[in-house]
Amino acid sequence: MPYLKEIQFDWSKVSNKRKHPFDIPGISGLTNITFKSDVTFFVGENGSGKSTLLEAIAHKCGFSSQGGGRNNIFGVDNEGFALEKILTLSWMPKIKGGFFLRAETFFNFAGYLDELAKDNGHDAYMPYGGKSLNEQSHGEAFLTLFMNRFNQKGIYLLDEPEAALSPSKTARLFNIDASVN
């Protein structure tokens, strides 16, 4: 059963529907999205609104626009998350854990962990396999994140997780045991 059951869009809060991101065709006609399975893929062409929607959901969940979990606050959050303001998320049960992987800012997230490790020692790396993500290849760092950080109840929003993975690593991603203790 998915934790996030539904997203509702309140278009009455939008004064100018011709302004980005409200004018994106893949988003502009949505009234709600109902989730019926544990995993949902948003598929579409570049510019169809997939990342914009994921970013708005992530922001609504309390994740940084740069990626990470709720406690990973770094970088500058984009004030352009207007879409988030019209979303209502329905949960069952409400889940506080999770992670937002944004492939295009993953390097920034790995650097953020390195900065934490400078201040707090290598304990900052423990939830991420025990070593710097920047000391691994891009694809290995993604897999390390998946195997070590995605093992608890939560909502996991992945924006282009395949971006750093070779075909064999993508297949390995699908074979990671996702059972939650």
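The values are calculated or read from the model by the stated rules, or taken from the named source; none is laboratory data. Fair warning: this is a prediction, and the values are worked out from it, not measured in the lab. Cβ sites come from the backbone with ideal geometry, for glycine too, and all protein chains shown count toward neighbours. Each accessible area value is taken on the protein alone, full model and side chains, heavy atoms only, with ligands, DNA and RNA left out. Shrake-Rupley method; radii C 1.70, N 1.55, O 1.52, S 1.80 Å.
See the values below:
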read-out: Count - residues of the range 32-74 that are of a type in the set (S, T, N, Q) and either under 23 Å from Phe107 (Cα atoms) or open to solvent by 70 Å² or more (accessible area, probe 1.4 Å) (or both); value: 9
read-out: Pairs with Cβ under 9 Å, 6+ apart, first in the range 1-23 and open to solvent by 70 Å² or more (accessible area, probe 1.4 Å), second part of a helix (DSSP H, G or I); value: Gln8/Ile86; Ser12/Ile86; Lys13/Lys85; Lys13/Ile86; Lys17/Trp11; Lys17/Ser28; His20/Thr52
read-out: Exclusive hit being at pLDDT 90 or above and part of a loop (DSSP other than H, G, I, E, B), set Glu45, Glu84; value: Glu45
read-out: Tally of residues being small (Gly, Ala, Ser), closer than 19 Å to Ser65 by Cα and touching a Leu at 6+ places or on another chain (Cβ under 6 Å) across the range 107-165; value: 1
read-out: Output for the range 87-135, where each listed residue is open to solvent by less than 50 Å² (accessible area, probe 1.4 Å), in a loop (DSSP other than H, G, I, E, B) and either more than 21 Å from Lys153 (Cβ to Cβ) or in contact with a Lys or Arg (Cβ under 7 Å, 6 or more places away or on another chain) (or both); value: Ile95, Gly97, Gly130, Ser132
read-out: Of the criteria (1) at pLDDT below 90; (2) over 13 Å from Leu87 (Cα atoms); (3) within 18 Å of the chain's Cα centre (by Cα), which one Phe35 fails; value: (1)
read-out: Residue satisfying condition, being among the aromatic types (Phe, Trp, Tyr), farther than 18 Å from Ile24 by Cα, at pLDDT below 90 and under 14 Å from the mean Cα position of the chain (by Cα), within set Phe100, Phe63; value: Phe63
